[in-house]
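What follows is a short report on a single structure.
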Amino acid sequence: MKGKDKKKGKTELIKMENFLKNENSLKVDDKIEKNTKTFDKIMFLYTVAGKEVVSKLEIIQQEFKLFYDYDVIDSIKTRIKSVDSIINKMKTKDLELTYQDMIENINDIAGVRVICPLKKDVFSIINLIRQMPNIRVIKEKDYITKPKRSGYSSYHLIVEVPVNVLHKIIYVKVEIQIRTMAMDFWASLEHKMIYKPQTEISKSASRELVSCARAIYRLDNKL
């Protein structure tokens, strides 16, 4: 009996898409549809994964404050991508609008943004994330060393986070964006200008944004 109970309680390591295929109540080949049990269950997994990342980062934030009297992280924000944003991104990528394609190809459904005071702090946090037990870094994009043409600057990590559900450990993808306070100010300004309703950004305004981004880049390098 003890051996059977032990076997029954054993957790399994499994990728999210494989877990969903094995759950009869979750049909990953179905079309994406909000306000359904399948959609809610999948979003629950992404929500928990985002919270797991935030929890680990908050421990680092508190550790530096307590032991070194230093704010290595200024703030941490999290969000879950809306179903409309998910579908629009999938259409842009010419994907089938199924849960299967969503899980396999959309990596930023769960997003965490980390704002650091200085550039050196950004790379400190990146190194600490790489060393986190059970966190798998599967993709990195360094827009700090090589900013985008628009001037956007940040460091992106796609990680797989273990989530414990139904005696199984499921790895769920989360995007982590790490940037300085100056970079975040510029990114917020760019977002408001570009996505402002019924407004088309002019070439001169675009050049000003790039110029501001370069000034911020120089400032971050001096600090």
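The values are calculated or read from the model by the stated rules, or taken from the named source; none is laboratory data. Everything quoted here is computed from the prediction, not taken from an experiment. Backbone-built Cβ (ideal geometry, glycine too); neighbour counts: all protein chains shown.
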Legend entry - Among the candidates Ile115, Ile73, Ile103, Ile86, residue that is under 16 Å from the mean Cα position of the chain (by Cα) and free of Cβ contacts under 8 Å to residues at least 60 places away in the same chain: Ile86
Inset, instruction - Within the stretch 124-157, track down each residue that is free of Cβ contacts under 8 Å to residues at least 12 places away in the same chain and in a helix (DSSP H, G or I). - result: Asn127, Arg130
Inset, instruction - Evaluate the following for Val172: is it under 24 Å from Asp29 (Cβ atoms) and either more than 13 Å from the chain's Cα centre (by Cα) or in contact (Cβ under 8 Å) with a residue 12 or more places away in the chain (or both)? - result: yes
Legend entry - In the stretch 145-159, residue nearest to Ala182 (Cα to Cα) [restricted to those that are of a type in the set (Val, Ile, Thr) and at pLDDT 95 or above]: Ile158
Inset, instruction - Could you tell me whether Asp121 is acidic (Asp, Glu), in contact with a strand residue (DSSP E or B) (Cβ under 6 Å, 6 or more places away or on another chain) and touching a residue at least 12 places away in the same chain (Cβ under 8 Å)? - result: no
Inset, instruction - Collect the residues in the stretch 99-123 that are under 24 Å from Lys81 (Cβ atoms) and outside any strand (DSSP E or B), keeping them in residue-number order. - result: Tyr99, Gln100, Asp101, Met102, Ile103, Glu104, Asn105, Ile106, Asn107, Asp108, Ile109, Val122
